Amino acid sequence: MTEQPQDRPPPFALLVRETLLFPVNRTRAAFAPVVKLNVAGNGRTVVVIPGFMASDRTTARLRKSLQCAGFLCHGWGLGRNLGVASDIFARMDDRLSEIPVDAPVTLVGWSLGGVIAREYAKYAPHRIAKVITLGSPFSGSPRANNGWRVYERVAGHKVDSPLLDVTLCNKPPMPTFSIWSTRDGMVAPRAARGLPHESDVQIEADCTHMGLIADPGLIRRIAQIITE
């Protein structure tokens, strides 16, 4: 089968830029001061899922910003994200059972974390109010990103042969927001944006892949989405 342009990963130049900016953006995502938000969380519960090879430390700025605005924001609590394992739904169930909630929660997933968020939301729709994905490759070719080779080595399975019976492009049954960027050096815009029927709202950001969890303006937009 001939590869189509929409199935290709971001250009090499964007990957180089992403790599050069990674130390700065990684530090911002984990350690930069909280972003002052203009919305009130009012106790809404949010769980943030990190991307591939990342842990909750990587999402610290986003989570602390939401927490300071009155959201009850939690990390996923499952250590470093090493790929989609066959027991991921059971582990997510256990994690959400640890969090005292009396209403469905919002899942925010960065990169691979967004793929996990969407699939868990389909598995347990009664537990989820909204899903927000940040540069997550849920649409089109599973190789339309610059990380699939590393993923296969670490996770131990092919990206087109997942350990779970899932169809990534199928939309979860609750409001679903896909945030994407043409500056993303890891995931192709087409893969992270999806087709119109694959998410409810597609939002273009102006930042790198790592910037999707560190950019102040985007953190404010995420807070607005949760409260809408």
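State whether one or more residues within the stretch 87-95 are under 24 Å from ALA155 (Cα atoms) and open to solvent by less than 10 Å² (accessible area, probe 1.4 Å).
Residues of the stretch 87-95 under 24 Å from ALA155 (Cα atoms): 87-95.
From the residues that got through so far, the ones that are open to solvent by less than 10 Å² (accessible area, probe 1.4 Å) too are 88, 92.
Within the stretch 87-95 (the criterion being under 24 Å from ALA155 (Cα atoms) and open to solvent by less than 10 Å² (accessible area, probe 1.4 Å)), the answer is yes, since at least one residue qualifies.
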Residue count, the stretch 118-141, condition open to solvent by 10 Å² or more (accessible area, probe 1.4 Å), of a type in the set (Lys, Arg) and either within 17 Å of ALA205 (Cα to Cα) or assigned to a helix (DSSP H, G or I) (or both), comes to 2
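Keeping to the stretch 33-63, report how many residues are farther than 16 Å from ILE99 by Cβ and crowded, with 16+ Cβ neighbours inside 10 Å.
Start the filter on the stretch 33-63 by keeping residues that are farther than 16 Å from ILE99 by Cβ, which leaves 33-40, 42, 50-55, 57-58, 60-62.
Checking which are crowded, with 16+ Cβ neighbours inside 10 Å leaves us with 34-35, 37, 39, 50-55, 58, 60-62.
Total satisfying the criteria: 14.
Determine, yes or no, whether VAL115 is among the hydrophobic types (A, V, I, L, M, F, W, C) and in a helix (DSSP H, G or I). Please lay out each step first, then the result.
Working: among the hydrophobic types (A, V, I, L, M, F, W, C): yes; in a helix (DSSP H, G or I): yes.
Considered against the rule, which asks whether it is among the hydrophobic types (A, V, I, L, M, F, W, C) and in a helix (DSSP H, G or I), VAL115 comes out as yes.
Here is a check on your reading of the model: is PHE12 within 26 Å of CYS169 (Cα to Cα) and open to solvent by 70 Å² or more (accessible area, probe 1.4 Å)? Talk me through it step by step, then tell me what you get.
Values: within 26 Å of CYS169 (Cα to Cα): yes; open to solvent by 70 Å² or more (accessible area, probe 1.4 Å): yes.
It is true that PHE12 is within 26 Å of CYS169 (Cα to Cα) and open to solvent by 70 Å² or more (accessible area, probe 1.4 Å).
I'd like to know if the stretch 145-164 contains one or more residues that are closer than 19 Å to LEU82 by Cβ and of a type in the set (Phe, Trp, Tyr).
Kept after step one, since they are closer than 19 Å to LEU82 by Cβ, are these residues of the stretch 145-164: 145-164.
Imposing the further condition that a residue be of a type in the set (Phe, Trp, Tyr) reduces the set to 148, 151.
Looking for residues that are closer than 19 Å to LEU82 by Cβ and of a type in the set (Phe, Trp, Tyr), one finds at least one in the stretch 145-164, hence yes.
Condition (residue is assigned to a loop (DSSP other than H, G, I, E, B) and within 16 Å of GLY135 (Cβ to Cβ)) applied to the stretch 170-180: is it met by at least one residue? Quick ask: steps written out before the conclusion?
From the stretch 170-180, those assigned to a loop (DSSP other than H, G, I, E, B) are 170-175; that's our starting set.
Right, trim to within 16 Å of GLY135 (Cβ to Cβ) and you get none.
The answer is no; no qualifying residue exists.
From GLY70, GLY83, which residue is among the small types (Gly, Ala, Ser), within 29 Å of SER139 (Cα to Cα) and surrounded by 14 or more Cβ atoms within 10 Å (Cβ to Cβ)? Break it down stepwise before answering.
Working: GLY70 fails: within 29 Å of SER139 (Cα to Cα).
Residue meeting the stated conditions: GLY83.
The values are calculated or read from the model by the stated rules, or taken from the named source; none is laboratory data. As the structure is a prediction and not an experimental result, all values here were calculated from the model. So basically every Cβ, Gly included, is an ideal-geometry build from the backbone, and we count neighbours across all protein chains shown. The protein model used for the area step is the full one, side chains on, heavy atoms only, and it has no ligands, DNA or RNA in it. Shrake-Rupley method; radii C 1.70, N 1.55, O 1.52, S 1.80 Å.
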